[in-house]
Amino acid sequence: LKRTEKLNANSWEELKKIYNNRCATCGSEEGKSNLLYPASITLLQQGHKDPSLPLTLNNTIPQCQFCNRPSRNYFIFDNKGRVEKIYDPKFVLKSDKEIQLEMLKILIEKHPDEAKQIIKDINEGKI
């Protein structure tokens, strides 16, 4: 998913100042060695807090090029760059089979009636 919207330059600079020119997620400072990848210089990007909403000042956090990439469309973040919720459940497909099956078990236990209906729909070719 390629996004075309961006904050205007003044708003982006003001937002970075609020975060002391640091990545909200890992704390790396723009223009300096990245804390997680010391051989790389930190470049801050406009990261969505909630990828289902437009990129606005209230829905943006500064994230370094490393923190913004892998989770860009999978999670909803708080102001401190911490994951609050899952946005795209397909992220589980990046996990090992054991993790996928454990998540399936948790969801079936939590929603047994819905799970039965989904299995029925699959068996009947509705899904």
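The values are calculated or read from the model by the stated rules, or taken from the named source; none is laboratory data. What you are looking at is a predicted structure, and each value in this text was computed from that prediction instead of being measured. When we count neighbours, we look across all protein chains shown, and the Cβ atoms used for this are built from the backbone with ideal geometry, even at glycine. Heavy atoms of the whole protein, side chains included, go into the accessibility calculation; ligands, DNA and RNA do not. Shrake-Rupley method; radii C 1.70, N 1.55, O 1.52, S 1.80 Å.
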Carbon plus sulfur, as percent of the 1.4 Å-probe accessible area of the chain, comes to 55 percent
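Can you pick out the pairs among LYS80/LYS105; LYS49/LYS126; LYS6/LYS90; LYS6/LYS49 whose Cα atoms lie more than 24 Å from each other? Show your work: numbers first, answer last.
Numbers: LYS80/LYS105 31 Å; LYS49/LYS126 35 Å; LYS6/LYS90 26 Å; LYS6/LYS49 13 Å.
With Cα atoms farther than 24 Å apart: LYS80/LYS105; LYS49/LYS126; LYS6/LYS90.
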By how many degrees, 0 to 90 and rounded to 10, does the Cα axis of helix 9-18 deviate from the longest principal axis of the chain?
80 degrees
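On average, how much accessible surface per residue is there in the chain, in Å², for a 1.4 Å probe, leaving out ligands, DNA and RNA? Before the final figure, lay out the partial values.
Details: 8980 Å² over 127 residues.
Accessible surface, normalised per residue, equals 71 Å².
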What distance in nm lies between label points placed 7 Å from Cα along the C-beta direction at ASP96 and LEU57?
4.6 nm
The chain, Kirkwood Rh and Cα Rg, ratio Rg/Rh at 1.12
Name the trypsin sites (Lys or Arg not before Pro) in region 19-127 that are in a loop by DSSP and that have at most 11 other C-beta atoms within 10 Å, would you?
LYS80, ARG82, LYS126
For helix 97-110, report the angle its Cα long axis makes with the longest principal axis of the Cα atoms of the chain; keep it between 0 and 90° and round to the nearest 10°.
70 degrees
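Given Cβ point charges of +1 (Lys, Arg) and -1 (Asp, Glu) and nothing else, what value in debye, to the nearest 20, does the dipole of the chain about its Cα centre take? Each step should come with its number before you reach the end.
Working: 21 positive and 17 negative charges, 58 e Å.
Result for the chain is approximately 280 debye, rounded to the nearest 20.
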Which of the three applies to region 1-57, rounded, prolate or oblate, going by the alpha-carbon gyration tensor with a ≥ b ≥ c and a/c under 1.5 meaning rounded?
prolate
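Run lengths n ≥ 4 of DSSP H only: what is the helix-derived mean residue ellipticity at 222 nm for the chain, with -39500 (n - 2.57) per run over all residues, to the nearest 500?
Numbers: 4 runs with 43 residues, N = 127.
Value at 222 nm, helices only: -10000 deg cm²/dmol.
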Once every Cα of region 37-98 carries one equal point scatterer and solvent is ignored, give the base-10 log of I(q)/I(0) from the Debye formula at q = 0.15, 0.25, 0.26 Å⁻¹, two decimals.
-0.49, -1.04, -1.09
Is any residue of region 59-76 close enough, with backbone N under 18 Å, to a label point placed 7 angstrom from the Cα of TYR37 along the Cα-Cβ axis, and if so, which?
62-74
